[in-house]
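Since the structure comes first, as structure tokens, the remarks are kept for the end.
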Amino acid sequence: TVSKGIEQVAVPKVIGDAREDAEAALADRGLAVEVSEQYSDEAPEPGTVIASDVRGGKRIDKGSTVGLTVSLGPLTVSLPGLVGTDVGDAVAELEGLALDVSVTEQPRPWIGPLRRGSYGRVEAQVPDAGTALQRGDRVDLYTFSAAAEEAED
């Protein structure tokens, strides 16, 4: 008998598919998958396949590895308005957007009168709400320290 060699399979077209669907389609053909992730303004939906190192339709050896690039969501985000929100919630929201957060506690009011219950709330943010930022950009939050609220009693 003559060996037929290694079986070849056609790589399915997976660009634009959800990561799970793409991985399943490749596995069904006997192909391994290696995934990398990156932010993409062109593919704002996280989990969407945005690139493949083997074009769909090409025949390759069964058991080969196909590299996929999956979107983590948009690189650019719009900064939400956080003034008046709990500092911990604001930090969690910004970190969820992959932004760098700095919190500064002020010992006394530096803009306007101190409102009762202000401790632990965002009093100001830089830059302003609605600013377009790149992931990794810095956002500064300002709050009053407990000492300032106690001094008003």
Legend entry - Given (1) at pLDDT 95 or above; (2) assigned to a loop (DSSP other than H, G, I, E, B); (3) surrounded by 17 or more Cβ atoms within 10 Å (Cβ to Cβ), number of the condition residue 13 does not satisfy: (3)
Inset, instruction - Quickly run through the range 70-93 and pick out the residues that are within 30 Å of residue 14 (Cα to Cα), among the β-branched types (Val, Ile, Thr) and surrounded by 18 or more Cβ atoms within 10 Å (Cβ to Cβ). - result: 70, 77
Inset, instruction - Report, by residue number, each residue of the range 16-32 that is among the aliphatic types (A, V, I, L, M), within 22 Å of the chain's Cα centre (by Cα) and either surrounded by fewer than 17 Cβ atoms within 10 Å (Cβ to Cβ) or not in a helix (DSSP H, G or I) (or both). - result: 18
Inset, instruction - Confirm whether residue 101 is in contact with a strand residue (DSSP E or B) (Cβ under 7 Å, 6 or more places away or on another chain) and within 30 Å of residue 145 (Cα to Cα). - result: yes
Inset, instruction - Could you look through the range 35-58, keep only residues that are within 13 Å of the chain's Cα centre (by Cα) and part of a loop (DSSP other than H, G, I, E, B), and pick out the one that is farthest from residue 75 (Cα to Cα)? - result: 47
Inset, instruction - Quickly run through the range 21-57 and pick out the residues that are touching a residue at least 24 places away in the same chain (Cβ under 8 Å) and out of contact with any strand residue (DSSP E or B) (no Cβ under 9 Å at 6 or more places or on another chain). - result: 55
Inset, instruction - Could you please give the count of residues in the range 118-134 that are closer than 14 Å to residue 80 by Cβ and modelled with pLDDT under 90? - result: 0
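The values are calculated or read from the model by the stated rules, or taken from the named source; none is laboratory data. Quick caveat: nothing in here was measured; it's all calculated off a predicted structure. Neighbour counts are summed over all protein chains in view; Cβ atoms, including those assigned to glycine, are modelled from backbone coordinates with ideal geometry.
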